[in-house]
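First up is the structure itself, then whatever we jot down about it.
The values are calculated or read from the model by the stated rules, or taken from the named source; none is laboratory data. From a predicted model like this one, the values you see are computed outputs, not experimental measurements. All Cβ positions, even for glycine, are placed from backbone atoms using ideal geometry, and neighbour counts span all protein chains on display. Protein only, heavy atoms only, side chains kept; ligands, DNA and RNA dropped before computing areas. Shrake-Rupley method; radii C 1.70, N 1.55, O 1.52, S 1.80 Å.
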Amino acid sequence: MTFTAVPRFSIQPILLGVGFALLIAIGTATVWLAEQSAEDARRVVHTVNVQEKLSNLLLNVRRAESGQRGYLLTGRQQYLSDYRDAAPAIETNLAELRTLTIDNPERGPVLDQMDELARAKMDELAKTVELKDSGHHDAAIALVQSDDGFKTMNALRLLVERTSADEERLLLARSAASRRNDARLLAVSLTGMALVVLIGALSVFLVQRTSRQRESARNELAATNANLERIVAHRTADLTEANEEIQRFAYIVSHDLRSPLVNIMGFTTELEALRNDIFDEIAKLREQAGVAAAHADPSEGTGASTNPLGTGFDEAITFIKASITKMDRLINAVLKLSREGRRDFKPEEIDMNALLASITQTVAHRASEQGAIVAVADLPPVVSDQLAVEQIFSNLVDNALKYGRHEEPGRIEIKGRATRTHVMYEVCDNGRGIDPQDHQRVFELFRRSGPQDRPGEGIGLAHVRALVRRLGGAMGLTSELGRGSVFTVTLPRRWVGENNRSVA
């Protein structure tokens, strides 16, 4: 009996084939995923570029507006350089945005709307500059104060913000897709490493390349943000310089107004001093004329009395003197605001309890005459400029006393509280209150609310808000007619100066 050997079925070729098939599949998958990651990275960079161009478009329009405002306020041609440079930059931004979003048909109408709004804004700026150049400064200012430019700028800003938000959502989606592809790529790479070292090495290489692309996109975004911060800092410096120029202008104008005012006051005093001589001479002339007329026609009188003329003369002199006094108070107020705006503030530790005790002692006699009570709770200290803080609360307490109600004894309460970074003080009164529609108006210069039956020029609250803002704080007001008002002053707990940030 013979046995024939049955050949053994070898699985190695099958395993080898499966191995090669897996190797091809892994290689194919790895290459595909790597390309997807690279495409995701390009899309992320593309989205970041679109966001950057949108930011630059809005920034250039604001840059043109800043240059225009600076020119209108100062008349200096150097401010027009930013305005003139912004126009071609805006055109470039729009052209770049159209190129970047050519693959997105939904962006076309949006960019057309941006182009229309930007042109409308630039036309409005150009018109004000032309009016200024032609000597129509008031017309240029009136055009700026109209709502047209503000509405156009606000519409452009909202459109850019909505588009940026869409791009941000697209960026998040693309980043998420990139992360998912990275995860798949890592899984395939680890699987490939179990089969063959070559696939593992290739996978590591592809992951590193993708990471480098992502890091490149991140660095580009960081560079873009840094550039935006530099631009914002530059614009802030320009606005600060323009504000200082306005303060200098106000000081010079107010100072120059004093000379003619002093002359008017001097001549008015001379007229008042010569009054008796003038009217004595008029009386003599009328008496002589009356005697002559009596000889000519006895039935006629001696002429009108000089008393009506003297009364009118006295009324005119009184009116002129009152107007001079009012003008002098206004000039003094503007000079005071200008000097205060140019004063260097120095932060120091302030005992608010002692400061308010000094203020209440100063107004104690006046409060007693009015039957008012000034109550001060325990107040948290603050690091700030002491003179500015004293002026703030002196003005608020003075206003609370000034605008009390005759039918009810006045009560003024000052209280405060502190958070980790800020302190909040409230000055409460039960006075006649402020109409809600005037809550913002009362903080404007030379503006007042309610009956004008109390002395004042409408400067105090404007000065208070300006001081609070310079100290890095904010003003708040809640009030109801016939019920009283609450003024809230919020200040940094530790203010370290105007050129530095406040710290906790």
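Would you tally the residues in the range 98-153 being of a type in the set (Val, Ile, Thr) and modelled with pLDDT under 80?
Qualifying residue count for the region: 1.
Kindly indicate whether any position in the range 318-330 is buried (at least 16 other Cβ atoms within 10 Å of the Cβ), modelled with pLDDT under 80 and hydroxyl-bearing (Ser, Thr, Tyr).
No, the range 318-330 contains no residue that is buried (at least 16 other Cβ atoms within 10 Å of the Cβ), modelled with pLDDT under 80 and hydroxyl-bearing (Ser, Thr, Tyr).
Is it the case that some residue within the range 459-478 is modelled with pLDDT under 80 and either closer than 15 Å to Asn395 by Cβ or touching a Ser or Thr at 6+ places or on another chain (Cβ under 6 Å) (or both)?
Yes, the range 459-478 has at least one match.
If the requirement is being farther than 18 Å from Val464 by Cα and either in contact with a Cys (Cβ under 8 Å, 6 or more places away or on another chain) or surrounded by 18 or more Cβ atoms within 10 Å (Cβ to Cβ) (or both), which of these qualifies: Val374, Val397, Val382?
Val374
If you scan the range 116-139, which residues turn out to be open to solvent by less than 70 Å² (accessible area, probe 1.4 Å), out of contact with any Ser or Thr (no Cβ under 7 Å at 6 or more places or on another chain) and part of a helix (DSSP H, G or I)?
Within the range 116-139, Ala118, Met122, Leu125, Ala126, Thr128, Val129, Leu131, Lys132, His137, Ala139 qualify.
Just to check your reading of the model, which residue among Asn500, Asn399, Asn430 is more than 27 Å from Gln370 (Cα to Cα) and either touching a strand residue (DSSP E or B) at 6+ places or on another chain (Cβ under 9 Å) or modelled with pLDDT under 90 (or both)?
After applying the criteria, what remains is Asn500.
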